[in-house]
């Protein structure tokens, strides 16, 4: 059969990945923004923007690291290390941001609480909610990415999955993606409704009537955009799932522009849908032009939000040195002197009762040490997971300058290290050569042969041979190598020349090679040594006579 | 429809109704609109798709047939994806289906070409073409449509014979014959001097005048070979272990003999008691004796379509047909096994002046006894076990 067509299934995989990840990011942005609005409405005292920003950070991190972490087997060592490190960074980052959002003094106060071991003070409701939200966003983003991979972003995995027998009760991956999107959408709608309720007013009215219902909270656009992006994701995932199926069934795609046309049709379809929906009667808030205006407002607000977030992160980074040095931060008003901790009541504090300053110091050291180790380890893992960051960083001009400095330092350090190691090596060799001739085992009188490992047993027999040789007048010169000495000894006792040579070879191997020496070899040497010893005894007898 | 769509719509409507949530109404419009518009688009567009196959519907064995599939979107709505799957019979070489994916813009068309090899005799369906498509969002089920199947007729294998030993008593034909009994006065092949006893009607007066002595015309003997081939495709009349091969062999024999007879410019008719997929009642159709290439194609087409059938007795059909055949017609019966009733029928035909030939196709346990009985009844029997046995007719015979 002649097919005048071509297979072009996996060619668009990178583009598909980029678009789908962007759409997931946008959807999750809408989700985070809506949550931000909800928190702002419900609990104005909380840093709602920071919480939303943290959620966005989690999404970005998840999108970035998903490809590397998706193959980790749950609850295995590597999985635990990777996600443990990731979450450690997330927790520290979240706490730092939340603390800093309340002012640098709050951050210092939290650090101070930590150093004093008052960990309970760090875990307030805001932090807990933010972490829960982070976990939710992390999980939902992961689910989106997992489903997209299953649909066909990861063609190999998708095809292997497609090859396995289909279970009737499991929906196709695209359907599950639709379900997940819509389920999150339902949650978003409910949250949007809640944002429209003036909770403060409602809480103030004991009867709980919705007198505080506002007409427009700002979260509606987030929900609206979520569904628009969701529909766009449906279009894309539909194409990917179809392509996976065609690939699995080896159905060639005859059209060269199927993917391109698909994008065009999707965009046109969604635009028409939005325009038609805009014209439909839906009250006084939404019409086509008002809808467009709201959508534009939302986009601008996202840009502002991201800008604010970046500015906040920069200010945090800039203020860290000032905070550590205890100086006022230029971008902030002068820090009022930190409230001195209330004088501790010696009766209330058992630590002071004992007045054990050493214990306090140890606890502080342990906490700081643990914190630094964990953060250092987590950061190292985190940076390793984000290989692209390193590559991007290397491209920066400042990085090349730092790299040059580092190279200079490492070159000098290398030189020093080499000199040091050669000096230490020489000294060690000298020590060894001395001990070889004199005493390899610290306390020969107390030596128990069976307690020695096979390697040392071989040492023992060989050194015994040298010792006995010395006694017999076949002295080993310090310049002689083991083989040279073996030749000398063989000349004196030719009857056991094979044993002497085998003992020498065994010793050389035991002494200079990293090979594992087993007891069998040690026993062989022992047997050889017995024969050599007997020969040496025979050699001695005529002298006596 | 996805399982979460309905709960979402319910939530949106509830919110719109009770919470004055205009945004919820907008979202409800969007979700319902996406669902309805997507579904409407696909249904509307699929209805406008027209497909047509172009190919040579008749082919000889081993021939390669190019099939051109024309797909046209007559409507304004484009189709983002269209999966085409044209089913092909297993008997034809190659994969079991032609399948491809394409997209069609508004009022556009596309052509696909694939080829199949006519590797087996038969009346093969090409198609039906299954067309699948679906909405761009993937919220609804895929839609599927089918167009009708076309058919490809693959003629049976024809073995070219040099000659076939078929006796005929029909004089004045076009075939030369050895017996002077069948001398044809239209086929003068020479002259000789008159011998006492020669018929005066044979004297060539013109040449006698010019030669000065009586000359008589010599006529070439000839026969007319009017043949009627009866092909038995009653499955029970073939040895069950080799039934498929034997029936195919019988068809090949019938096709080859018909081809040879038409090649000799003789007339041939045919009766097949097999199943013809084109006949609604599946009753055997007799093709009256005719001559010419067109008639041969008709015979071959019938043979191409014929399939073995159960419970289709042959003897009553021969009885029915024999009375319509002219005197001297050669009746060739091709079957797997011959019972006494068939031999009796052939004997009766012989007695009525028709030549009966029995060809046993394939292997059967009762062949020996059949041949003995046929010899007693003076019915010529050929046993063709394999196609190789047909070589006996591929070499020139001395008899004809």
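Throughout, read-outs are computed from the coordinates displayed, never taken from laboratory work. Every value quoted in this text rests on a predicted model; they were computed, and no experiment measured them. Methodologically, a virtual Cβ is constructed for each residue, glycine included, from the backbone with ideal geometry; neighbour enumeration extends over all protein chains shown.
Let me have the 222 nm mean residue ellipticity of chain B computed from DSSP H runs of 4+ only, each contributing -39500 (n - 2.57), with the sum over all residues rounded to the nearest 500.
-9000 deg cm²/dmol
Have a look at B:322, B:372, B:363 and tell me which one the Gaussian network model of chain B (Cα, springs below 10 Å) gives the largest fluctuation.
Among B:322, B:372, B:363, the largest GNM mean-square fluctuation belongs to B:372.
Please compute the modelled spin-label separation between residue A:470 and residue A:450, points set 7 Å along Cα→Cβ, answer in nm with one decimal.
If labels sit at residue A:450 and residue A:470, their model points lie 2.9 nm apart.
Please give, to one decimal in nm, the separation of the simple spin-label points placed at residue A:123 and residue A:256, each 7 Å out from Cα toward the Cβ.
6.2
Give me the tail of P(r) for chain B as a percent: Cα-Cα pairs with distance above 41 Å.
On the way: 34125 of 79800 pairs.
For chain B, the fraction of Cα-Cα distances above 41 Å is 43 percent.
Rank-order B:67-78, A:90-101 by packing density, defined as the average count of other C-beta atoms within 10 Å over each peptide's residues, highest first.
Details: B:67-78: 17.5, A:90-101: 20.0.
Output ranking for B:67-78, A:90-101: A:90-101, B:67-78.
Can you pull the mean other chain C-beta count within 10 Å for peptide B:31-37? Kindly include the intermediate steps, with their values, before the conclusion.
On the way: counts 7, 1, 6, 9, 0, 0, 4.
Mean shielding count: 4.
Most exposed first by the Cβ proxy, i.e. fewest other Cβ within 10 Å, how do A:79, A:87, A:262 rank?
On the way: A:79 14, A:87 17, A:262 22.
Fewest-to-most ranking of A:79, A:87, A:262: A:79, A:87, A:262.
Quick one: if you stick a label point 7 Å off each Cα along the C-beta vector at residue A:268 and residue A:306, how many nm between them?
For residue A:268 paired with residue A:306, the spin-label model returns 3.0 nm.
Give me a single rounded figure for B:309-321: the average over its residues of other chain Cβ atoms within 10 Å of their Cβ.
Details: counts 0, 0, 0, 0, 0, 0, 0, 0, 0, 0, 0, 0, 0.
Per residue, the number of nearby Cβ atoms from other chains is 0 on average.
So how do A:154, A:256 line up by other beta-carbon neighbours within 10 Å, fewest first? Before the final figure, lay out each step's value.
On the way: A:154 21, A:256 12.
With the sparsest Cβ surroundings first, the list reads A:256, A:154.
Under a 10 Å cutoff between Cα atoms, tell me which one of B:112, B:189, B:200 has the largest fluctuation in the Gaussian network model of chain B.
Evaluated over chain B, the most mobile residue of the options is B:200.
With a cut-off of 8 Å between alpha carbons and a minimum separation of six or more residues, what is the relative contact order of chain B in percent? If you can, show how the numbers build up before the last one.
Working: 838 pairs, mean separation 54.3, N = 400.
The value is 14 percent.
Please identify, among B:383, B:215, B:285, the residue showing maximal mean-square fluctuation in a Gaussian network model of chain B using a 10 angstrom Cα cutoff.
Largest GNM mean-square fluctuation: B:215.
Could you tell me how many degrees, from 0 to 90 and to the nearest 10, lie between the Cα long axis of helix B:243-263 and the main elongation axis, the longest principal axis, of the Cα atoms of chain B?
On a 0 to 90 degree scale, this one is about 60.
Within 10 Å of each Cβ in A:239-250, how many Cβ atoms from other chains are there, averaged over the peptide? All intermediate terms of the calculation are to be shown ahead of the outcome.
Numbers: counts 4, 0, 1, 7, 2, 0, 2, 5, 0, 0, 4, 2.
Shielding by partners across A:239-250 averages 2.
Enter the angle in degrees (range 0 to 90, nearest 10) between the Cα long axis of helix B:293-305 and the first principal axis of the Cα atoms of chain B, meaning the one along which they spread out most.
Approximately 50 degrees, to the nearest ten.
What's the angle, to the nearest 10 degrees (0 to 90), between helix B:367-376's Cα axis and the longest principal axis of chain B?
The answer is roughly 30 degrees.
So what's the gap between the Cα centers of region B:31-65 and region A:21-48, to the nearest angstrom?
Centre-to-centre (Cα) distance: 47 Å.
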